[in-house]
Every structure is written in C-alpha cells, then in structure tokens.
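In what follows, a single structure is set out as structure tokens and then discussed.
Bear in mind that the values in this text are calculations on the coordinates, not laboratory data. In this text, all values refer to a predicted model and were calculated from it rather than measured experimentally. Because the Cβ atoms are built from the backbone with ideal geometry, glycine has one as well, and the counts that use them run over all protein chains shown.
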Amino acid sequence: MILRTVDVKRFVLYFVLGLMIPISAYASATSARHSGVKDGVMTKTTHGVRYSESGYDISPLTDARIEELAEDLTDEERKVILNDGTEPAFCGNLVDNKKDGVYLCRLCDLPLFASDTKFTSGTGWPSFFQPVDKDHVDEFEDTSYGMVRTEITCGRCGGHLGHVFNDGPKPTGMRFCVNSASLVFVEDGDELPAGAQKVETETAYFAGGCFWGIEDRFAKLPGVLDAVSGFQGGDDSKSPSYKEVCSGTTGHAESVRVVFDPNHVSYDDLLAWFFRIHDPTQGNRQGPDIGTQYRSAIFAVGDDQFADAKAFIEAQQKNGRWSKRTITTELRRAEDATFYPAEEYHQDYYAKNGGTCYTPIYED
Ligand SMILES: [Zn+2]
C-alpha cells in the first residue's frame, strides 16, 4: 500500500483531535479512486475487469504492480505522482512542447491527452482542454491547502496528474492542468509501449431469442467490452428494419454482436454462457416469443470459432443435459451472414428501460 501524503496528513490530524478514523475508512477513501463511479456515471466494470469507452483495459492495478512500476520513477516524479506534489511552474519539460503526439501516464503508460487538445495557458504547466477518453482521467474533490479544487488522477493507476479548472478554451471550457512529471510524450510515428495499446479484441455472434435480454446477459459477462443488438442470418441484400424482421419475411434472427477480450474470457466460455441464457432446443421460439427471428443460432467468425461451436453443440447434445430434446441451434459462418445493428432504441434496452424479455438462466 502506498500511503499518499494527503491521507497521512488527514490521519495525523484526526489522531491529534482524538477522532481516530478506522482503517476501513481509509481503505474506502482510497478504493473510491477505483470505484468506477464518476460524475454519476458507472464506467463498465465487470468483476474487477474494467474497459474504457475507447477500448483500453483500465482495470485497477494492484498495489504490488504500482510499487513495481514506481521503481523507475525519479524522486521528483515520485513526489508528484504518488504524493500529490506539484512541480514548480515553467520548470516541466513539456510546458512548451508543440509536437504532434500523445501524452501517456508516466507511471502506467495509459494514453491521457492528445497534442491537438493542448493549448498555451500561460500558467507554467502543460494544459489541455480534454482527455483522450473521459474514462482515462478520474476527478476528485481536493480540499487541501484551504481551497476547494478538483484533483485529476490517472483512470488506471490512480497516479496524481494535477487539477482541472473551468476556465479553459472552447470547445469544452475546461483546463486540465497537468504536471510534466506525470506525463510521458510519444511523438506521432514513434512506437507506443505495451501499456498504451488498446485491448486486442475478438468478435462473436449469438442469436437466442429477444436480443434485449441476450445483449444484456453478454454485456455483464466479465471480459466483454461491448454487446450490440442486431439482425443476422437473413436476406443480405439490405439492412432490415425491426418491423421488416418482425414480419418474418426477411429471414433474420435477432442476434447479438459480442466484442470480447480473449485474455479474460474465451470463446468456449461465451458458448457455455450462451447455452445458460437461452434454451437451444425450442426451435423457432424462446419462451413466449414465437417466430423465426427468435431461433437459436451461432454465427462463427473464422475456422477456429466454427470448429469450437460445432464441437460444443455436439457435446451438449450427447451429455444428457437437454435429455432427449434436439438442439436446434443453427451454426453458420458469420462471413456469410451480415450482421446489421438494430435501431438505436434497441441498444442497451435493459440498461435504459429495465428487463422485459423472457430471460431465465439455465443450470449448467
Ligand atoms: Zn496511470
């Protein structure tokens, strides 16, 4: 555990006043930096795995990992990043940097700011009007030194960056005032370190009845970055509307595109989960929903997914789980079945409106 100076000061103050705060209060204060709650919006968090809007793994780092990364820091960087320090104005090496590129977190290499949002503020610290992704910079109220300010920290490692003020230029009106010591600049064309790379994702497609429910079930699975409701497996000549699909004339199934991080969840895990969130033996229906659009289907991407899905269905048919009922899941290649995203009001339907589909979770 790295003790931050503000926390130490607060602890000493309470001790002197005879108001000993329990250790748990300290723990909850620091863990709030990684609670996933920011500006009242819940960032996508699934069992400790967390992804940013733009597709980076921003899962909180362990204290041991932070200690390991901190071994490379200079004393000045350590003071700023780990102990909420501030470098003297006009002394940082990036104040006047006007090259094109990206500014990474000095501690964990997460991309934080882009050069096209940097402006000359005259304050003596590098200034930006917005981060590259709102999930990459966390904000906290800071009441130290008798002022009320908004501290900014790295959205992944929690390292101190500086403060944000509402006197910046258009289009945001914000000024993210950052210590040079908290940043590493990588010029366009130069190689980015591993910590600055997006997650290498894979995509899978599943149709299992009402897509609102299937989308929601997959979206909540740890390792899934994105789930999108759509139509697949029908007439590929044009994008269908929901109304056309409901008429049964286009042949599409309500399908879900699942973007996942294979480092956290495998395709086999997705197959197993798929057979828990729908009944693959119901043919052209799923519970009360009846019609070809509600059929069970897997649209496999590439030979490996196709072979895995085929073997999975065969094993499921043999293992007695579905007794004597025949698995009706259609297995097709995604390359031959275009996925058309459904209308916007179908997306994140459960999250916005609450669950209304027939979505039992079946035993393994
Ligand atoms: Zn960081």
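Key figures for this structure:
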{"read-out": "Loop sites in region 332-364: GluC sites (Glu not before Pro), DSSP, at most 14 other Cβ within 10 Å", "value": "Glu343, Glu363"}
{"read-out": "Sparse-neighbourhood loop sites, chymotrypsin sites (Phe, Trp or Tyr not before Pro) in region 54-115 - DSSP loop, at most 14 other Cβ within 10 angstrom", "value": "Phe90"}
{"read-out": "Sequence-separation-based contact order of region 175-275, relative, with Cα cut under 8 Å and 6+ spacing, percent", "value": "34"}
{"read-out": "Normalised contact order of the chain, rounded percent, pairs of Cα under 8 Å and 6 or more residues apart", "value": "14"}
{"read-out": "Order of Asp116, Asp279 - criterion: other Cβ atoms within 10 Å of each residue's Cβ, fewest first", "value": "Asp116, Asp279"}
{"read-out": "Rounded, prolate or oblate (a/c below 1.5 giving rounded, otherwise prolate when a/b exceeds b/c) for region 202-353 by Cα gyration tensor", "value": "rounded"}
{"read-out": "Entries of Lys134/Lys352; Lys118/Lys170; Lys220/Lys318; Lys98/Lys170; Lys134/Lys220; Lys238/Lys310 with Cα pairs more than 23 Å apart", "value": "Lys220/Lys318; Lys238/Lys310"}
{"read-out": "The chain: C-alpha gyration tensor shape, a/c 1.5 cut-off, then a/b vs b/c", "value": "prolate"}
{"read-out": "For region 103-230, the Rg and Dmax computed from alpha carbons only, in angstrom", "value": "18.5, 58"}
{"read-out": "Length released on extending from Ile361 to Leu192, taking residue separation times 0.36 nm less the Cα-Cα span", "value": "56.6 nm"}
{"read-out": "Neighbour net charge for Leu69 - beta-carbon separation under 10 angstrom, K R +1, D E -1", "value": "-3"}
{"read-out": "Stretch gain in nm, segment Ala70-Glu344, where the contour uses 0.36 nm per residue and the Cα spacing is subtracted", "value": "94.2 nm"}
{"read-out": "Label-to-label distance, nm, for residues given as Ala311 and Phe140 (7 Å Cα→Cβ offset)", "value": "4.7"}
{"read-out": "Highest-fluctuation residue, Leu192, Leu107, Leu270 considered, GNM on the chain with Cα pairs under 10 Å", "value": "Leu192"}
{"read-out": "Any cysteine of the chain lacking a neighbouring Cys Cβ under 4.7 Å - listed by number", "value": "Cys91, Cys177, Cys246"}
{"read-out": "Cleavage-rule hits (GluC sites (Glu not before Pro)) in region 58-128: DSSP loop, at most 12 neighbouring Cβ within 10 angstrom", "value": "Glu71"}
{"read-out": "Helix axis angle, 5-16 relative to the chain longest principal axis, alpha carbon, degrees", "value": "70"}
{"read-out": "Relative exposure of Cys105, Cys91, judged by other C-beta atoms within 10 Å (fewest first)", "value": "Cys91, Cys105"}
{"read-out": "Net lengthening on full extension, Asp268/Asp289 (0.36 nm per residue, minus Cα-Cα)", "value": "4.9 nm"}
{"read-out": "Sum of -39500 (n - 2.57) over DSSP H runs of 4+, divided by residues of the chain (222 nm, nearest 500)", "value": "-6500 deg cm²/dmol"}
{"read-out": "For Cys246, Cys108, order by how many other beta-carbon atoms lie within 10 Å, fewest first", "value": "Cys246, Cys108"}
{"read-out": "Cα centroid separation - region 120-189 against region 294-364, whole Å", "value": "44"}
{"read-out": "Set of region 282-316 residues, backbone N closer than 16 Å to the point 7 Å along the Cα-Cβ line of Glu330", "value": "282-286, 290-301"}
